[in-house]
Amino acid sequence: MEKAKLRQVYKQKRNELSLEEVKQLDDLLLEELKAYDWSGIKYLHCYLSIEKFKEYNTLPFIDWIWKHFPEITIVISKSDFQSNELTHYSFFKDTSLELNSWGIPEPIVAEEIPPTAIDAIITPMLVVDMLGNRVGYGKGFYDRFFASCKEDVKKLGVSYFPPVEAIDDIQEWDIPIDLAFTPGKTFVF
């Protein structure tokens with residue numbers, strides 16, 4: 001199936017989830033994230049979820065990292081919708097946030113972190129295939145971000161749904177992820 005069709009199908013599937021189902025899936029995803037080996041990570045980029053799109057809520061995971069890995073600096077982004085690029089900032093418990101036009105929480109004032117400093121990226125996605133090719137919202141923000149990072153950055157995806165067999169229209173600029181966290185199972189590519 002092609003990305004546009006997968007995007008349509010999985011957006012609808014996610015929108016049809018009840019709030020109770022989302023909570024259950026979030027709890028299962030949190031357990032998968034906790035089971036991962038976070039040692040050796042200094043800068044961990046983590047998206048902040050768009051609540052209206054029923055994205056996985058990363059805040060309980062971020063709280064868990066702050067408690068269990070205080071040496072890790074959490075990094076979040078601001079989105080530039082003209083260039084479809086992200087800039088990255090340190091995120092702490094006292095960082096003030098505001099919602100952008102898409103409903104994405106972004107820091108108001110924070111220290112900018114260069115992409116080359118980031119060791120691992122937790123990426124939102126609708127679905128992924130068995131080769132690690134992912135479907136997001138189609139703007140290319142994360143492909144551009146991945147391309148600006150160091151070569152060995154860990155690209156980690158989060159989805160409520162298991163991988164599909166294949167995405168048919170992968171392009172040369174599409175950068176696959178290394179691993180996908182799903183409720184109850186983590187897939188390594």
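For this structure, a couple of remarks:
- When residues of region 160-189 are limited to those that are exposed (fewer than 11 other Cβ atoms within 10 Å of the Cβ) and among the hydrophobic types (A, V, I, L, M, F, W, C), the one farthest from the chain's Cα centre (by Cα): 173
- For region 56-77, the condition holds for at least one residue, the condition being that it is among the aromatic types (Phe, Trp, Tyr), under 14 Å from the mean Cα position of the chain (by Cα) and more than 22 Å from residue 40 (Cα to Cα).
- Residue satisfying all of: in region 129-159; of a type in the set (A, V, I, L, M) and within 12 Å of the chain's Cα centre (by Cα); farthest from residue 9 (Cα to Cα) among these: 156
- Taking every residue in region 64-91 that is part of a loop (DSSP other than H, G, I, E, B) and pairing it with any residue that is of a type in the set (Val, Ile, Thr) and at pLDDT 95 or above, at least 6 positions away or on another chain, the pairs with Cβ-Cβ distances below 8 Å are 69/41; 72/41; 72/65.
- Scanning region 109-141 for residues that are in contact with a Leu (Cβ under 9 Å, 6 or more places away or on another chain), open to solvent by 20 Å² or more (accessible area, probe 1.4 Å) and at pLDDT below 95, we see that the one that is nearest to residue 16 (Cα to Cα) is 137.
- Members of region 9-32 that are outside any helix (DSSP H, G or I) and either surrounded by 14 or more Cβ atoms within 10 Å (Cβ to Cβ) or hydroxyl-bearing (Ser, Thr, Tyr) (or both): 17, 18
The values are calculated or read from the model by the stated rules, or taken from the named source; none is laboratory data. Just so it is clear, the structure is predicted and the values come from calculations on it, not from any experiment. Backbone-built Cβ (ideal geometry, glycine too); neighbour counts: all protein chains shown. The accessibility values were calculated without ligands, DNA or RNA, using every heavy atom of the protein model including side chains. Shrake-Rupley method; radii C 1.70, N 1.55, O 1.52, S 1.80 Å.
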